[in-house]
Amino acid sequence: MKLLTFTIKDLDKSLSRTLPAGQIHVWMFSLADTDNIHACFSLLSPEEKKRLGHFQKENDRNRSLIGRSMLRYLLGRYLSYPPEKLCFETNIHGKPLLIEEKLPFSVHFNLSHSGDWIALAFSSDTPIGIDIEKLRPSIDRQKIIRRFFHPKETSVFHASEESSHELLFFRYWTIREAFLKALGSGFAISPDSFLVEPVSGKEAAPAKYRIIGNDKDYSGWQVEAIAAAEGYVCSICYHMQTSSKALIERNSV
């Protein structure tokens, strides 16, 4: 799979207007990118507008507003469909999905936000999950590692320099989140039931990671680190076998 990353500056470029087989598009937006909040608001459904009223903090409200409106805008552009008319549903674990009646083709998508940044991912081939996190030194990393990480991963932290622990922790956390979001299961699957391991056998940036299950085969899934703004970590997960099969089917038509 080829990963392409875009920002608000790329909205008018032809490369970012189509979603070919074999590509995953990642879009990064900051709270400072959208000046016209009213234009974003107009794209939302009545239910989405209602949910915005539940946020007490302005930054949280604007982050959700930009994320949902840009999700609609980009999906509408890829599908050549009015963005305000797109309909969503959620699976039993809360993952949003498009209701595909009358749409020209399927689009897999996922959204994440943290701090001042929003990340969205799109693919016509494979289920995807994306997670972005702002580095936060105040988090009790050891407590979270013991509760949510695979026991074998603790050795990775013990063997690394202490100065790299914060970055390493958030890399592995975003990988877990991206994988679980791609599966569409959330924490219905125990996050310590699978092992995250660099494909190269060592930490590298940018890097690819594999998922090794305790009792399930996750060999078709791959996670990649994505460059993000300073002070942020972002990872994306996709299914390699699904994307390869979809590409073959499209080329045979």
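The values are calculated or read from the model by the stated rules, or taken from the named source; none is laboratory data. Worth saying up front: this structure is predicted, and the values here are computed from it rather than measured. With ideal geometry, Cβ positions are generated from the backbone for all residues, glycine too; neighbour counts draw on all protein chains shown. Side chains are part of the model used for accessible areas, which takes the heavy atoms of the whole protein and leaves out ligands, DNA and RNA. Shrake-Rupley method; radii C 1.70, N 1.55, O 1.52, S 1.80 Å.
A few comments on the model shown:
- Scope segment 169-194; condition touching a Leu at 6+ places or on another chain (Cβ under 8 Å) and surrounded by 23 or more Cβ atoms within 10 Å (Cβ to Cβ); matching residues: PHE170
- Taken over segment 88-124, the criterion of being open to solvent by less than 70 Å² (accessible area, probe 1.4 Å), out of contact with any strand residue (DSSP E or B) (no Cβ under 6 Å at 6 or more places or on another chain) and either among the hydroxyl-bearing types (Ser, Thr, Tyr) or over 28 Å from ALA225 (Cβ atoms) (or both) is satisfied by LEU103, SER106, SER124.
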